[in-house]
Amino acid sequence: MTAASGVDAASTIAVVGTGVAGTTAALTLRNAGFTGRVVLIGDEPDEPYRRPPLSKDVLRGTMSPGRTRLRAPDTWSQHSIELRTDTRVSGVDAEARRIIFADGTGLDFDRILLATGGLPKVLPQARGVGGVYTLRTLADVSALHGVLAAGSRLLVIGAGLIGSEVAATARDMDCAVTVLEAQPAPLSRVLPREITRVYEELHRASGVDLHTGVDVRELIHEGDQLAATDAGGRVHSADAAVVAVGLDPRTELAEHAGIATGDGIIVDEHFATSAPGVYAAGDVANHPNHVLGGRQRVEHWLNAQEQGAAAARAMLGDRTPYSCVPWSWSDQHGVTMHVCGWPEAAEDLTVRGEPGARDFTAIARRHGRVVGAVGMNRPAELRALRKVVSAAPHAEQAVLADPATELASLASLEVAGTSS
Ligand SMILES: Cc1cc2nc3c(=O)[nH]c(=O)nc-3n(C[C@H](O)[C@H](O)[C@H](O)COP(=O)(O)OP(=O)(O)OC[C@H]3O[C@@H](n4cnc5c(N)ncnc54)[C@H](O)[C@@H]3O)c2cc1C
C-alpha cells in the first residue's frame, strides 16, 4: 500500500461478487497488508464456490456440491472479511461512493471492485419454454440433476466450452445426447478449424449426435417432451435441453452508475473503470490486450483469479500494468485440453505431435508472432508456451515444429524479433 493509493486503515473497500475474482481480490487486499474494512458481497445463497466442476464432476455426480467450496468457511472471519451472501446490490452511486442494497440499506465505500461475472445468454426461442436449462450456478446443476439420468434424452444447444462439456458429461451418464451448434464446428469461437475437427471426431466417437451449422427456429415443450425445430424443418426431440450459447456480462450496476461499458465494464491495465475509485475484474471486465492490441473480455477461471489479485493490488496503489496471457482447460470425453493465449486468432498453425492420437501441441502465429497454443496430453509444453505468448516473439514455423526446440527458450526470441 502506498501513500498515493488514498486508502488507509480507516478506509472501506467493497467487493461485489463472491466468484473467484471477488474472493481472490478480498484475500489479496489482506495479504497485501490492507487493514481497513473489507466487505465481500454476493447475491448467491451459497458460500463462495468453484464453477468449473459444475459441468464435469458435479453434474456427473462424482463430486458433491459441498466439495466445490472455494475456501474453508472460517477463512473470511479469520481474514476479517465481512462476507455477505444472499445480498443483492441494486445500485452504486460512484460519486457519493455508496452502495445501495436491494433491501434499501446502504454502505459507504472508498474503493469498490465490481466482480459481477455474467449470466448465460438467453436464446429468444427458449424464453419461457419448460424443460430448458442453463448452467452457471450450483442451483442450476441441482435443477439438472432432477432431469438427467441414464437413458434420458438431452438436447444441448451450443457447442462452446460449456455446452461441449455438458454433452460429454451427459454421455458419461448414459444419456442420449444431441448437440445443435450454429457454427460449422464445435468450439469455433475458441479454436482454429484444424483443432475443432478433433472435437467433432471425439464427440461422434463418444456417441454424441452432433449437428453443426444448425439454426434452431423453435422450441416447444408439450407434456414432458421437448421439440426443437431447425431452419431446415428437422425436429430434434428430447426430455430436456441445456442452452449454452454464451455469457452476458453483468454490467447493469456499472451502466446505472454511468460507468463506461461495451461488452463488459471497460477498464484500463490497472482495472480502473471510468469512475474514480471504481474497479472491475473477472468475466465482467473488458481490458486491454497487450499482445494482439485492442480490448478483450476473457471468461476463464485463471484469468478471473489473476485479475482479482491484480485489481486488489491496484486498488492499494500498485502501478504494475496487468499483462497476463489467458489460460484455460476443458475436460471432455476423458480428454483434457489446455489452451493459452489466442489460438483463435491464428493465421497459421504449427502442429507438434498427432492430433488424431489426441497427443499434440498446436502453436498459433499471427503476423509471424506466436500468439496462442492449444494442446492435448502435453501440459508442460502448454505451460512453457504461455510464457512465450506473453513475449509474442517472431518464430519460424520450422523452428516451432522441430521436436528438438525447447519451447520455453522461445520467449527470449523477442529481443531478436523486435530488433530486426
Ligand atoms: C459450468 C462452468 C464450467 C466452467 N469450466 C471452466 C473450465 O474448465 N476452465 C476455465 O478456465 N473456466 C471455466 N469456467 C469459467 C470460470 O468458472 C469463470 O471464468 C469464473 O468463474 C468467473 O469468475 P468471476 O468471479 O469473474 O465471475 P462469477 O463466478 O460469475 O462471480 C460473479 C458473482 O457476482 C454475483 N453478482 C452479480 N451481480 C451482483 C449484484 N448486483 N449483487 C450481488 N452479487 C452479484 C454473481 O451472482 C456471482 O456470484 C466455467 C464456468 C462454468 C459456468
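Derivation of every value follows stated rules applied to the coordinates shown; laboratory data play no part. The structure displayed is predicted, hence computed values, not measured ones. Don't worry about glycine lacking a Cβ; one is built from the backbone with ideal geometry, like all the others, and counts go over all protein chains shown.
Work out the P(r) tail for the chain: percent of alpha carbon pairs separated by more than 43 Å, whole number. Taking all Cα-Cα pairs of the chain, the fraction more than 43 Å apart is 15 percent. Put simply, the Cα atoms of region 334-419 extend 44, 26, 19 Å along their principal axes, the longest span coming first. Reducing region 194-273 and region 100-125 to their Cα centroids gives an inter-centroid distance of 22 Å.
Region 292-322 and region 1-75 have Cα centres separated by 15 Å.
Explain nothing, just the number: relative contact order of the chain, from Cα pairs under 8 Å at least 6 residues apart, as a whole percent.
Contact order relative to length: 15 percent.
Packing-based ranking of 127-133, 9-15, 265-271 yields 265-271, 9-15, 127-133, ordered from highest to lowest mean Cβ neighbour count within 10 Å.
Helices assigned as whole DSSP H runs in the chain whose Cα atoms extend at least 20 Å along their own long axis and whose mean Kyte-Doolittle hydropathy is -0.5 or higher are found at 301-315. Out of all Cα-Cα pairs in region 65-177, roughly what percent, to the nearest whole number, are more than 22 Å apart? When every Cα pair of region 65-177 is considered, 54 percent fall beyond 22 Å.
The residues packed around LEU382, meaning those with a beta-carbon under 13 Å from its beta-carbon, carry a net charge of +3 if Lys and Arg are +1 and Asp and Glu are -1.
Take each peptide in 115-123, 300-308, count the other Cβ atoms within 10 Å of every residue, and average; sorted highest first, the result is 300-308, 115-123.
Under Stokes-Einstein, with the Kirkwood radius over Cα pairs standing in for Rh, what whole-number D in µm²/s applies to region 1-70 at 37 °C and 0.692 mPa s? The estimated diffusion coefficient comes to 238 µm²/s. For LEU187, the residues whose amide H sits under 5 Å from its own are ALA159, GLY160, ignoring neighbours fewer than 5 places away on the same chain, with H placed 1.01 Å from N.
Among 170-178, 396-404, how do they line up from the highest to the lowest mean number of other beta-carbon atoms within 10 Å?
170-178, 396-404
Taking 0.36 nm per residue of separation and subtracting the Cα-Cα distance, full extension of the segment from ALA398 to ALA10 would add 133.8 nm. Across region 219-230, coupling constants 3J(HN,Hα) worked out from phi with the 6.51/-1.76/1.60 Karplus curve, θ = phi - 60°, read 10, 10, 10, 9, x, 10, 10, 10, 10, 10, 9, 8 Hz, and Gly and Pro carry x.
In region 124-281, one over the average inverse separation of all distinct C-alpha pairs is 17.3 Å, which is the Kirkwood hydrodynamic radius.
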